[in-house]
Amino acid sequence: MDKNFLKLGIIGYPLAHSISPIIQATALESVGKSGSYKKFEVRKENLPEQIKFFLDEGFSGFNVTIPYKVEILKYLDEIDPVAQAIGAVNTVKINENGKLLGFNTDIYGFKTAIPDAFKNIKNAVLLGCGGAALAVVFGLQELGVENLTIYARNIEKAHDFVLKIKDKIDMNIAVADLAKMTSLQTCDILINATPLGTKGENENRCPVAVEVLKTAKKELFVYDLVYNPAKTKLLFEAEKLGLNYINGLDMLILQGARAFEIWTGEKPSVEKMQTEAVRVLNI
Ligand code: NAP
(Lines give C-alpha, C1' and ligand atoms only; values in the text may rest on other atoms or scores of the structure.)
Protein backbone atom coordinates (compact mmCIF):
# COMPACT_ATOMS: atom_id res chain seq x y z
CA MET A 1 0.00 0.00 0.00
CA ASP A 2 1.33 3.45 -0.95
CA LYS A 3 1.61 5.24 2.40
CA ASN A 4 1.23 8.59 0.69
CA PHE A 5 -2.07 7.66 -0.96
CA LEU A 6 -4.82 9.37 1.06
CA LYS A 7 -8.08 7.53 1.52
CA LEU A 8 -11.05 9.77 2.22
CA GLY A 9 -14.80 9.48 1.87
CA ILE A 10 -18.29 10.57 2.83
CA ILE A 11 -21.04 8.68 4.61
CA GLY A 12 -24.72 9.54 4.42
CA TYR A 13 -28.00 8.41 2.92
CA PRO A 14 -28.84 9.17 0.18
CA LEU A 15 -25.68 10.48 -1.47
CA ALA A 16 -26.50 10.47 -5.16
CA HIS A 17 -26.40 14.28 -5.46
CA SER A 18 -23.31 14.93 -3.36
CA ILE A 19 -20.58 16.73 -5.26
CA SER A 20 -18.11 16.33 -2.40
CA PRO A 21 -16.07 13.67 -4.31
CA ILE A 22 -15.49 16.20 -7.11
CA ILE A 23 -14.65 19.03 -4.74
CA GLN A 24 -12.24 16.89 -2.69
CA ALA A 25 -10.58 15.33 -5.74
CA THR A 26 -9.85 18.88 -6.89
CA ALA A 27 -8.53 19.73 -3.42
CA LEU A 28 -6.16 16.73 -3.56
CA GLU A 29 -4.95 17.71 -7.01
CA SER A 30 -4.48 21.34 -5.98
CA VAL A 31 -1.92 20.38 -3.31
CA GLY A 32 -0.31 17.64 -5.44
CA LYS A 33 -1.45 14.75 -3.25
CA SER A 34 -2.54 11.37 -4.53
CA GLY A 35 -5.66 9.91 -3.00
CA SER A 36 -9.33 9.10 -3.38
CA TYR A 37 -12.59 10.37 -1.89
CA LYS A 38 -15.48 7.97 -2.24
CA LYS A 39 -19.19 7.97 -1.43
CA PHE A 40 -20.47 5.38 1.04
CA GLU A 41 -24.25 5.21 1.23
CA VAL A 42 -24.79 3.55 4.58
CA ARG A 43 -27.86 2.38 6.49
CA LYS A 44 -27.90 3.34 10.17
CA GLU A 45 -27.48 -0.25 11.36
CA ASN A 46 -24.33 -0.61 9.22
CA LEU A 47 -22.51 2.41 10.65
CA PRO A 48 -20.26 0.38 13.02
CA GLU A 49 -19.26 -1.90 10.14
CA GLN A 50 -18.54 1.12 7.94
CA ILE A 51 -16.32 2.70 10.58
CA LYS A 52 -14.43 -0.58 11.02
CA PHE A 53 -13.91 -0.60 7.25
CA PHE A 54 -12.40 2.91 7.37
CA LEU A 55 -10.04 1.85 10.16
CA ASP A 56 -9.04 -1.47 8.54
CA GLU A 57 -8.44 0.19 5.18
CA GLY A 58 -6.29 2.99 6.59
CA PHE A 59 -8.57 5.92 5.82
CA SER A 60 -7.38 9.36 6.96
CA GLY A 61 -10.87 10.70 7.48
CA PHE A 62 -14.36 11.12 6.16
CA ASN A 63 -17.26 13.54 5.92
CA VAL A 64 -20.60 12.86 7.51
CA THR A 65 -23.81 14.15 6.03
CA ILE A 66 -27.57 13.71 6.34
CA PRO A 67 -28.84 11.85 8.34
CA TYR A 68 -25.81 10.94 10.50
CA LYS A 69 -24.33 14.24 11.73
CA VAL A 70 -25.66 13.61 15.24
CA GLU A 71 -25.64 9.80 15.20
CA ILE A 72 -21.88 9.73 14.48
CA LEU A 73 -21.07 11.33 17.85
CA LYS A 74 -21.37 8.06 19.74
CA TYR A 75 -18.61 6.48 17.63
CA LEU A 76 -16.02 9.20 18.20
CA ASP A 77 -13.06 9.21 20.60
CA GLU A 78 -12.74 12.99 20.78
CA ILE A 79 -14.99 15.86 19.73
CA ASP A 80 -13.80 19.37 19.03
CA PRO A 81 -15.46 21.92 21.42
CA VAL A 82 -17.39 23.68 18.63
CA ALA A 83 -18.78 20.39 17.32
CA GLN A 84 -19.55 19.37 20.89
CA ALA A 85 -21.51 22.57 21.51
CA ILE A 86 -23.54 22.27 18.34
CA GLY A 87 -23.95 18.52 18.86
CA ALA A 88 -23.29 17.73 15.19
CA VAL A 89 -20.19 16.51 13.36
CA ASN A 90 -19.62 16.68 9.61
CA THR A 91 -15.90 15.87 9.52
CA VAL A 92 -14.04 12.98 11.14
CA LYS A 93 -10.28 12.71 11.18
CA ILE A 94 -8.72 9.30 11.83
CA ASN A 95 -5.35 9.82 13.47
CA GLU A 96 -2.30 7.58 13.30
CA ASN A 97 -3.45 5.70 16.41
CA GLY A 98 -6.80 4.89 14.86
CA LYS A 99 -8.64 7.40 17.01
CA LEU A 100 -11.70 9.13 15.55
CA LEU A 101 -11.75 12.91 16.05
CA GLY A 102 -14.93 14.86 15.25
CA PHE A 103 -15.26 18.40 13.91
CA ASN A 104 -17.94 20.66 12.49
CA THR A 105 -16.83 22.70 9.49
CA ASP A 106 -20.34 23.82 8.44
CA ILE A 107 -20.22 26.73 10.90
CA TYR A 108 -16.86 27.84 9.52
CA GLY A 109 -18.16 27.51 5.96
CA PHE A 110 -21.32 29.46 6.72
CA LYS A 111 -19.68 32.45 8.38
CA THR A 112 -16.53 32.63 6.25
CA ALA A 113 -18.62 32.86 3.10
CA ILE A 114 -20.14 36.16 4.26
CA PRO A 115 -18.15 39.05 2.74
CA ASP A 116 -16.38 41.11 5.45
CA ALA A 117 -18.41 44.21 4.53
CA PHE A 118 -21.57 42.40 5.71
CA LYS A 119 -20.24 40.75 8.86
CA ASN A 120 -21.25 43.59 11.16
CA ILE A 121 -24.74 42.28 11.84
CA LYS A 122 -26.96 42.50 14.90
CA ASN A 123 -30.42 41.42 13.72
CA ALA A 124 -30.88 38.20 11.80
CA VAL A 125 -33.80 36.36 10.27
CA LEU A 126 -33.47 32.64 9.62
CA LEU A 127 -35.91 30.61 7.53
CA GLY A 128 -36.11 26.95 8.52
CA CYS A 129 -34.99 25.01 11.58
CA GLY A 130 -33.38 21.84 10.26
CA GLY A 131 -29.77 20.61 10.28
CA ALA A 132 -28.27 23.47 8.28
CA ALA A 133 -30.12 26.02 10.44
CA LEU A 134 -28.24 24.67 13.45
CA ALA A 135 -24.85 25.55 11.93
CA VAL A 136 -26.27 28.93 10.90
CA VAL A 137 -27.33 29.81 14.46
CA PHE A 138 -23.90 28.95 15.89
CA GLY A 139 -22.26 30.87 13.04
CA LEU A 140 -24.45 33.92 13.72
CA GLN A 141 -23.51 33.78 17.39
CA GLU A 142 -19.81 33.81 16.45
CA LEU A 143 -20.50 36.86 14.29
CA GLY A 144 -22.01 38.71 17.26
CA VAL A 145 -25.67 38.67 16.26
CA GLU A 146 -27.87 39.83 19.15
CA ASN A 147 -31.41 39.20 17.90
CA LEU A 148 -32.57 36.28 15.83
CA THR A 149 -36.03 35.45 14.54
CA ILE A 150 -36.56 31.96 13.22
CA TYR A 151 -39.43 31.61 10.76
CA ALA A 152 -40.63 28.07 10.21
CA ARG A 153 -43.66 26.38 8.72
CA ASN A 154 -43.95 24.22 11.81
CA ILE A 155 -43.83 26.39 14.92
CA GLU A 156 -43.65 23.44 17.29
CA LYS A 157 -40.53 22.14 15.58
CA ALA A 158 -39.02 25.60 15.77
CA HIS A 159 -39.69 25.79 19.51
CA ASP A 160 -38.08 22.36 19.99
CA PHE A 161 -35.11 23.54 17.95
CA VAL A 162 -34.67 26.56 20.22
CA LEU A 163 -35.14 24.49 23.35
CA LYS A 164 -32.26 22.22 22.33
CA ILE A 165 -29.80 25.06 21.80
CA LYS A 166 -30.88 27.78 24.18
CA ASP A 167 -28.33 26.93 26.90
CA LYS A 168 -25.50 27.27 24.41
CA ILE A 169 -26.69 30.40 22.67
CA ASP A 170 -26.38 33.92 23.99
CA MET A 171 -28.81 35.87 21.83
CA ASN A 172 -32.48 36.76 21.88
CA ILE A 173 -34.34 34.21 19.81
CA ALA A 174 -37.94 34.55 18.68
CA VAL A 175 -39.94 32.04 16.69
CA ALA A 176 -42.63 32.86 14.13
CA ASP A 177 -44.78 31.34 11.42
CA LEU A 178 -43.13 31.56 8.00
CA ALA A 179 -46.49 32.02 6.30
CA LYS A 180 -47.23 35.07 8.46
CA MET A 181 -44.08 37.09 7.92
CA THR A 182 -44.96 40.74 7.30
CA SER A 183 -41.78 42.77 7.66
CA LEU A 184 -38.00 42.64 7.39
CA GLN A 185 -37.57 46.27 8.39
CA THR A 186 -35.01 45.79 11.15
CA CYS A 187 -33.24 42.83 9.62
CA ASP A 188 -29.49 43.00 8.72
CA ILE A 189 -29.19 39.49 7.32
CA LEU A 190 -31.81 37.09 5.94
CA ILE A 191 -30.81 33.44 5.62
CA ASN A 192 -32.77 30.80 3.78
CA ALA A 193 -32.16 27.36 5.29
CA THR A 194 -35.20 25.72 3.69
CA PRO A 195 -35.06 23.85 0.37
CA LEU A 196 -37.42 26.42 -1.24
CA GLY A 197 -35.81 27.57 -4.48
CA THR A 198 -33.85 24.35 -5.08
CA LYS A 199 -33.76 22.90 -8.59
CA GLY A 200 -36.69 20.56 -9.14
CA GLU A 201 -40.16 20.88 -7.68
CA ASN A 202 -39.18 23.78 -5.37
CA GLU A 203 -37.33 25.78 -7.99
CA ASN A 204 -39.90 28.50 -8.59
CA ARG A 205 -40.75 28.96 -4.95
CA CYS A 206 -39.62 31.96 -2.94
CA PRO A 207 -39.65 31.53 0.86
CA VAL A 208 -40.47 35.23 1.39
CA ALA A 209 -43.20 37.17 -0.40
CA VAL A 210 -41.87 39.95 -2.59
CA GLU A 211 -44.01 42.46 -0.69
CA VAL A 212 -42.23 41.47 2.52
CA LEU A 213 -38.82 41.64 0.87
CA LYS A 214 -39.68 45.18 -0.19
CA THR A 215 -39.91 46.25 3.48
CA ALA A 216 -36.19 45.55 3.97
CA LYS A 217 -33.64 48.30 4.32
CA LYS A 218 -31.28 48.63 1.38
CA GLU A 219 -28.35 47.29 3.46
CA LEU A 220 -30.06 43.91 4.00
CA PHE A 221 -27.77 41.01 3.08
CA VAL A 222 -29.57 37.98 1.67
CA TYR A 223 -27.90 34.57 2.08
CA ASP A 224 -29.50 31.58 0.41
CA LEU A 225 -27.98 28.25 1.49
CA VAL A 226 -29.32 26.73 -1.71
CA TYR A 227 -26.68 26.72 -4.48
CA ASN A 228 -28.43 24.94 -7.33
CA PRO A 229 -29.65 26.96 -9.18
CA ALA A 230 -26.99 29.59 -8.55
CA LYS A 231 -29.65 32.30 -8.51
CA THR A 232 -32.74 31.10 -6.69
CA LYS A 233 -36.07 32.90 -6.88
CA LEU A 234 -35.21 34.60 -3.57
CA LEU A 235 -31.88 35.86 -4.89
CA PHE A 236 -33.47 36.91 -8.14
CA GLU A 237 -35.99 39.05 -6.22
CA ALA A 238 -33.25 40.39 -3.93
CA GLU A 239 -31.24 41.43 -6.97
CA LYS A 240 -34.25 43.20 -8.47
CA LEU A 241 -34.51 45.25 -5.26
CA GLY A 242 -30.82 46.12 -5.37
CA LEU A 243 -29.95 44.06 -2.30
CA ASN A 244 -26.63 42.30 -1.78
CA TYR A 245 -26.70 38.52 -1.71
CA ILE A 246 -24.83 35.20 -1.96
CA ASN A 247 -25.89 31.64 -2.59
CA GLY A 248 -24.71 28.56 -0.67
CA LEU A 249 -21.88 27.50 -2.95
CA ASP A 250 -19.15 29.32 -1.03
CA MET A 251 -20.35 27.70 2.20
CA LEU A 252 -20.24 24.28 0.58
CA ILE A 253 -16.73 24.81 -0.78
CA LEU A 254 -15.36 26.40 2.39
CA GLN A 255 -16.66 23.64 4.69
CA GLY A 256 -15.00 21.14 2.35
CA ALA A 257 -11.73 23.08 2.23
CA ARG A 258 -11.63 23.25 6.04
CA ALA A 259 -12.32 19.51 6.29
CA PHE A 260 -9.47 18.87 3.84
CA GLU A 261 -7.17 20.99 5.99
CA ILE A 262 -8.14 18.97 9.07
CA TRP A 263 -7.32 15.71 7.30
CA THR A 264 -4.11 16.77 5.57
CA GLY A 265 -2.78 19.89 7.32
CA GLU A 266 -2.67 21.61 3.93
CA LYS A 267 -4.77 24.40 2.47
CA PRO A 268 -6.32 23.42 -0.87
CA SER A 269 -7.17 25.86 -3.65
CA VAL A 270 -10.66 27.12 -2.84
CA GLU A 271 -10.78 28.80 -6.24
CA LYS A 272 -10.11 25.55 -8.13
CA MET A 273 -12.64 23.67 -6.00
CA GLN A 274 -15.23 26.32 -6.77
CA THR A 275 -14.55 26.33 -10.51
CA GLU A 276 -14.91 22.56 -10.61
CA ALA A 277 -18.15 22.67 -8.59
CA VAL A 278 -19.66 25.26 -10.92
CA ARG A 279 -18.65 23.12 -13.91
CA VAL A 280 -20.19 19.87 -12.64
CA LEU A 281 -23.32 21.53 -11.31
CA ASN A 282 -23.64 23.43 -14.57
CA ILE A 283 -24.76 26.57 -12.69
P1 NAP B 1 -33.50 19.81 6.76
O2 NAP B 1 -32.77 19.38 7.97
O3 NAP B 1 -34.42 18.90 6.07
O4 NAP B 1 -34.31 21.17 7.15
C5 NAP B 1 -35.09 21.84 6.20
C6 NAP B 1 -35.87 22.95 6.87
O7 NAP B 1 -36.66 23.57 5.87
C8 NAP B 1 -36.85 22.43 7.93
O9 NAP B 1 -37.06 23.44 8.88
C10 NAP B 1 -38.12 22.21 7.11
O11 NAP B 1 -39.29 22.28 7.83
C12 NAP B 1 -38.04 23.41 6.18
N13 NAP B 1 -38.82 23.17 4.97
C14 NAP B 1 -38.76 22.12 4.13
N15 NAP B 1 -39.62 22.26 3.12
C16 NAP B 1 -40.27 23.44 3.35
C17 NAP B 1 -41.30 24.12 2.68
N18 NAP B 1 -41.85 23.63 1.57
N19 NAP B 1 -41.73 25.30 3.19
C20 NAP B 1 -41.20 25.79 4.32
N21 NAP B 1 -40.21 25.18 5.01
C22 NAP B 1 -39.76 24.02 4.52
O23 NAP B 1 -32.50 20.29 5.63
P24 NAP B 1 -31.08 21.03 5.86
O25 NAP B 1 -30.01 20.03 5.84
O26 NAP B 1 -31.22 21.95 7.00
O27 NAP B 1 -30.95 21.84 4.48
C28 NAP B 1 -31.76 22.97 4.23
C29 NAP B 1 -31.31 23.61 2.92
O30 NAP B 1 -29.98 24.10 3.03
C31 NAP B 1 -31.30 22.65 1.74
O32 NAP B 1 -31.74 23.32 0.61
C33 NAP B 1 -29.84 22.28 1.58
O34 NAP B 1 -29.51 21.98 0.25
C35 NAP B 1 -29.16 23.58 2.01
N36 NAP B 1 -27.84 23.32 2.57
C37 NAP B 1 -26.78 23.96 2.01
C38 NAP B 1 -25.52 23.78 2.53
C39 NAP B 1 -24.36 24.50 1.92
O40 NAP B 1 -23.21 24.15 2.21
N41 NAP B 1 -24.60 25.48 1.11
C42 NAP B 1 -25.32 22.93 3.62
C43 NAP B 1 -26.43 22.29 4.18
C44 NAP B 1 -27.68 22.49 3.63
P45 NAP B 1 -39.99 20.93 8.42
O46 NAP B 1 -39.15 20.56 9.59
O47 NAP B 1 -41.35 21.38 8.76
O48 NAP B 1 -39.94 19.91 7.32
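Keeping to region 257-279, report how many residues are away from the ligand (no atom under 15 Å from the Cβ) and of a type in the set (V, I, T).
Residues that pass the stated criteria total 3.
For (1) under 11 Å from the mean Cα position of the chain (by Cα); (2) more than 10 Å from the ligand (Cβ to nearest atom); (3) buried (at least 19 other Cβ atoms within 10 Å of the Cβ), each residue gets a yes or a no:
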residue: N97; (1), (2), (3): no, yes, no
residue: Y108; (1), (2), (3): yes, yes, yes
residue: K122; (1), (2), (3): no, yes, no
residue: G131; (1), (2), (3): yes, no, no
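Which is touching a helix residue (DSSP H, G or I) at 6+ places or on another chain (Cβ under 7 Å), under 30 Å from A174 (Cβ atoms) and not aromatic (F, W, Y), of L134, L140?
Criteria check complete, one pass: L134.
Which residue pairs have Cβ atoms closer than 6 Å, lie 6 or more positions apart in sequence or on different chains, and pair a first residue in region 149-169 that is farther than 10 Å from C129 by Cβ with a second residue that is within 8 Å of the ligand (Cβ to nearest atom) and not charged (D, E, K, R)?
No pair meets every condition.
Quick one: which helices (runs of 4 or more DSSP H) lie wholly within region 27-117 and hold at least 2 residues that are closer than 28 Å to L225 by Cα?
Those helices (runs of 4 or more DSSP H) span 81-86, 106-112.
Going through region 133-151 one residue at a time, which ones are within 13 Å of D177 (Cβ to Cβ) and over 18 Å from the mean Cα position of the chain (by Cα)?
Correct list: T149, Y151.
Evaluate region 240-256: report whether one residue or more is more than 14 Å from the ligand (Cβ to nearest atom), touching a helix residue (DSSP H, G or I) at 6+ places or on another chain (Cβ under 7 Å) and charged (D, E, K, R).
no
Quick check on Y227: is it within 14 Å of the ligand (Cβ to nearest atom), aromatic (F, W, Y) and over 25 Å from A25 (Cβ atoms)?
When the stated conditions are applied, Y227 does not pass them.
Where residues in region 140-171 are away from the ligand (no atom under 16 Å from the Cβ) and under 14 Å from I121 (Cα atoms), which of them is surrounded by the most Cβ atoms within 10 Å (Cβ to Cβ)?
V145
Do we have any residue at all in region 22-40 that's modelled with pLDDT under 95, of a type in the set (S, T, Y) and under 18 Å from I66 (Cβ atoms)?
No, region 22-40 contains no residue that is modelled with pLDDT under 95, of a type in the set (S, T, Y) and under 18 Å from I66 (Cβ atoms).
How about region 186-221: which of its residues are without any contact (Cβ under 8 Å) to a residue 24 or more places away in the chain and among the charged types (D, E, K, R)?
E201, E211
The values are calculated or read from the model by the stated rules, or taken from the named source; none is laboratory data. The shown structure was predicted, so the numbers you read here are calculated from the model rather than taken from an experiment. All Cβ positions, glycine included, derive from the backbone under ideal geometry; neighbour counts span all protein chains shown.
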